[in-house]
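To keep things clear, I will list the structure first and then write my remarks on it.
The values are calculated or read from the model by the stated rules, or taken from the named source; none is laboratory data. Since we're looking at a predicted model, the values are computed, not measured. Quick reminder, even Gly has a Cβ in these numbers, built from the backbone with ideal geometry, and neighbours come from all protein chains shown. These accessible areas exclude ligands, DNA and RNA; they are computed on the full protein's heavy atoms, side chains included. Shrake-Rupley method; radii C 1.70, N 1.55, O 1.52, S 1.80 Å.
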Amino acid sequence: YGFFCPNCAGNSPASTAMDNLLDYLSDNNVKFGTIWIDVEQCSGCWSSDLSSNFDFVKDLADAANSRGQAVGIYSSSYEWSQTVGSATGLQQYPLWYAAYDGETNFNDFEPFGGWTSPAMKQYDDHGDSSCSVSVDVDWYPN
């Protein structure tokens, strides 16, 4: 997934940031299906204006979509509300949500951002790895 933020160097305007990433991936023959736009807080990354943050995320999605690139949104209910408030309007894209409950199901999902159901869940942020690093663990139904 891609983490973009309006206050980070090289990320404004959003359409240029997305174009630069997609061009780089293409130029380097990176094969992938969906570009997941990560919507979560970091220190100094986002505006205090939640509406302008949503516009930034929407511009990212629109830029990728205009190039025929599959788009998804990665967030949690908490991160979404902290970053873009109660904004809706991207529910046409699949949602990959985070809820670290260790469960491989969507039983804990509560609608947010206009999504009534998710596509994928990140259920743990400390998965086993053979290379001694912490990895996120995700699940989606077959």
* Of all residues in region 58-73 being aliphatic (A, V, I, L, M) and open to solvent by less than 40 Å² (accessible area, probe 1.4 Å), which is nearest to the chain's Cα centre (by Cα)? -> ILE73
* State all residues of region 18-57 that are open to solvent by less than 60 Å² (accessible area, probe 1.4 Å), of a type in the set (Ser, Thr, Tyr) and assigned to a helix (DSSP H, G or I); if no residue qualifies, say none. => SER52
* Asked: Taking the condition of a type in the set (D, E, K, R) and in a helix (DSSP H, G or I), does GLU79 pass?
  -> yes
* Restricting attention to region 82-107, which residues are more than 19 Å from VAL135 (Cα to Cα) and touching a strand residue (DSSP E or B) at 6+ places or on another chain (Cβ under 7 Å)? -> LEU90, GLN91, TYR93, PRO94, LEU95, PHE106
* Lone unmet requirement of (1) closer than 16 Å to TYR1 by Cα; (2) assigned to a loop (DSSP other than H, G, I, E, B); (3) not aromatic (Phe, Trp, Tyr) for ASN105 -> (1)
* HIS126 versus (1) in contact with a Ser or Thr (Cβ under 6 Å, 6 or more places away or on another chain); (2) closer than 22 Å to CYS45 by Cα: which is the lone unmet condition? -> (2)
* Structure fact -> All conditions in (1) among the aromatic types (Phe, Trp, Tyr); (2) closer than 14 Å to GLY2 by Cβ; (3) out of contact with any Gly (no Cβ under 9 Å at 6 or more places or on another chain) are true of TYR100 except (2)
* Restricting the search to region 1-17, which residues are part of a loop (DSSP other than H, G, I, E, B) and either within 19 Å of PRO94 (Cβ to Cβ) or of a type in the set (Phe, Trp, Tyr) (or both)? -> TYR1, PHE4
* Asked: Do we find a residue being in contact (Cβ under 8 Å) with a residue 60 or more places away in the chain and open to solvent by less than 30 Å² (accessible area, probe 1.4 Å) anywhere in region 74-84?
  -> yes
* Could you please find all residues in region 113-142 being surrounded by 12 or more Cβ atoms within 10 Å (Cβ to Cβ) and not in a loop (DSSP other than H, G, I, E, B)? => TRP115, MET120, LYS121, GLN122, TYR123, ASP124, GLY127, VAL135, ASP136, VAL137, ASP138, TRP139
* Qualifying positions in region 3-17 - under 17 Å from the mean Cα position of the chain (by Cα) and open to solvent by less than 70 Å² (accessible area, probe 1.4 Å) -> PHE4, CYS5, PRO6, CYS8, ASN11, ALA14, SER15, ALA17
* What are the residues in region 124-139 that are at pLDDT below 95 and touching a strand residue (DSSP E or B) at 6+ places or on another chain (Cβ under 6 Å), if any? -> ASP124, ASP125, GLY127, SER129, SER134, VAL135, ASP136, VAL137, ASP138
